[in-house]
1. Quick check: residue separation of L31 and K67 times 0.36 nm, minus the Cα distance between them. What number comes out in nm?
2. How much accessible surface does T15 have with a 1.4 Å probe, in Å² rounded to 10?
3. Once you order the gyration tensor axes a ≥ b ≥ c over the Cα atoms, which shape class does the chain get: rounded for a/c under 1.5, otherwise prolate or oblate by comparing a/b with b/c?
4. List the aspartates and glutamates whose Cα sits under 20 Å from the Cα of K70, skipping any in the same chain fewer than 8 residues away.
5. Just from its helices, what would the mean residue ellipticity at 222 nm be for the chain, if runs of 4 or more DSSP H residues each count -39500 (n - 2.57) and the sum is divided by every residue, rounded to the nearest 500 deg cm²/dmol?
6. For the chain, with the dipole built from +1 on Lys and Arg beta-carbon atoms and -1 on Asp and Glu ones, taken about the Cα centre, which of L47, V25, G69 lies farthest toward the positive end?
7. On the protein heavy atoms, probe 1.4 angstrom, tell me the percent of accessible surface of segment 14-80 carried by carbon and sulfur.
8. What accessible area per residue comes out for the chain, rounded to a whole number of Å², with a 1.4 Å probe?
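The values are calculated or read from the model by the stated rules, or taken from the named source; none is laboratory data. What you see is a predicted model; the values in this text were computed from it and never measured. As a convention, Cβ positions derive from the backbone with ideal geometry for all residues, glycine included, and neighbour counts pool all protein chains shown. The accessibility values were calculated without ligands, DNA or RNA, using every heavy atom of the protein model including side chains. Shrake-Rupley method; radii C 1.70, N 1.55, O 1.52, S 1.80 Å.
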Amino acid sequence: MFSVNPLSGKVFSPTIRLNQCREVVEAIKTLSLGEKEEIQSLLEQFLREEQRDEIYQNYLLAKQNEKEGKLKFSSDIDQLMQFLEE
């Protein structure tokens, strides 16, 4: 089974990807504490950026759903419960 990398568009095997991850982990183990902390900081930054992008994509989807009239609003608790059951 093969997958497509969403960033590069290249086809890759999950097995190859797993082996690459193992190689990266082994390489990181050989780094100094300071280098490991820098990688940690970079990873945290990358994760924050991905989370921001996901939030933004969800916002755009919600905005489109609102534009198309797919969202329902109510301040009545019974009505809200009914929306959840639908």
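1. Details: separation 36, 0.36 × 36 = 12.96 nm, distance 5.11 nm.
Stretched out fully, the L31 to K67 stretch lengthens by 7.8 nm.
2. Probe radius 1.4 Å; accessible area of T15 about 90 Å².
3. Details: a/c = 3.20, a/b = 2.17, b/c = 1.48.
Since a/c reaches 1.5 and a/b is larger than b/c, the shape of the chain is classed as prolate.
4. D78, E85, E86
5. Numbers: 3 runs with 60 residues, N = 86.
That comes out to -24000 deg cm²/dmol.
6. Farthest towards the positive end: V25.
7. Values: 3410 of 6150 Å².
Ligands and nucleic acids excluded, carbon and sulfur give 55 percent.
8. Details: 8020 Å² over 86 residues.
Roughly 93 Å² per residue, with all protein chains present.
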